[in-house]
Amino acid sequence: PLRLFAARRREEARAAFARWILPGVERGLVQAMVLGDRSGLDAATSEAFRASGTYHVLALSGAQVAMVAALLVFGLRGLRAGPWTAACVTASAVGLYALFVGGDVPVVRASLMASAVLFGRAIDVDTDVANLLGLAALVLLVARPSSAGDVGFQLSFGATLGILALAGPLTQGWR
């Protein structure tokens, strides 16, 4: 039922884009960056993004989840919501967002990690991001065991682990 709900909202978003955005490259770009749907991109545009090394801009990832979560958390803080309320509302929203955009591994990984951080803060527990990454991998593998052999799964978790491993040494000495 929830997947069907998300699929219907995705179709409504496509219809809204068709109503409000002129046909052409721009509509395809908006659809790709908001919904993760690259079907509206022509071959020339896709190749231009690949050749420039910016094709990743068209792929949904943890950056979009972080943006949704940050906007909600800051908005809820402005409304004086407590950490438990903020965690519940934001975790629900990023979970729905992950469903809305199709549930690709990077988005689900980021949603799970964001939710774990928020609930950890709500109960006043310090979190280790490497452990959160492992938790997200475990949850995904329990839900979709075949993901272990998926290159997207491996790249998403490998890249995130690389960022986590390098962030400390690269930022050492910075305020």
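Filtering the stretch 113-159 to residues that are among the aromatic types (Phe, Trp, Tyr) and in contact with a Leu (Cβ under 9 Å, 6 or more places away or on another chain) leaves 153, 157. Residue 124 falls short on exactly one of the conditions (1) under 23 Å from residue 166 (Cβ atoms); (2) open to solvent by 20 Å² or more (accessible area, probe 1.4 Å), and that condition is (1).
Taking the criterion of being in contact (Cβ under 8 Å) with a residue 40 or more places away in the chain, surrounded by fewer than 17 Cβ atoms within 10 Å (Cβ to Cβ) and closer than 27 Å to residue 39 by Cβ, would at least one residue in the stretch 137-155 satisfy it? Looking through the stretch 137-155, at least one residue is in contact (Cβ under 8 Å) with a residue 40 or more places away in the chain, surrounded by fewer than 17 Cβ atoms within 10 Å (Cβ to Cβ) and closer than 27 Å to residue 39 by Cβ. Looking at the stretch 14-113, the helices (runs of 4 or more DSSP H) lying wholly inside it that each contain 2 or more residues that are touching a Ser or Thr at 6+ places or on another chain (Cβ under 6 Å) sit at 62-78, 83-100. Only a single item in (1) open to solvent by less than 70 Å² (accessible area, probe 1.4 Å); (2) in a helix (DSSP H, G or I) is not met by residue 131, and it is number (1). One residue stands out in the stretch 68-113 among those that are within 20 Å of residue 6 (Cβ to Cβ) and hydroxyl-bearing (Ser, Thr, Tyr): the one that is most open to solvent (accessible area, probe 1.4 Å), namely 92.
Entry remark, the stretch 13-34: residues being touching a Phe, Trp or Tyr at 6+ places or on another chain (Cβ under 8 Å) and either over 24 Å from residue 68 (Cα atoms) or crowded, with 18+ Cβ neighbours inside 10 Å (or both) number 1 in total.
Set side by side, the residues 116, 6 differ, and just one is of a type in the set (A, V, I, L, M) and surrounded by 20 or more Cβ atoms within 10 Å (Cβ to Cβ), which is 116.
The values are calculated or read from the model by the stated rules, or taken from the named source; none is laboratory data. All values reported here derive from a predicted model rather than from experimental measurement. We place every Cβ from the backbone using ideal geometry, glycine too, and count neighbours over all the protein chains shown. Accessible surface areas use protein heavy atoms only, side chains included; no ligands, DNA or RNA. Shrake-Rupley method; radii C 1.70, N 1.55, O 1.52, S 1.80 Å.
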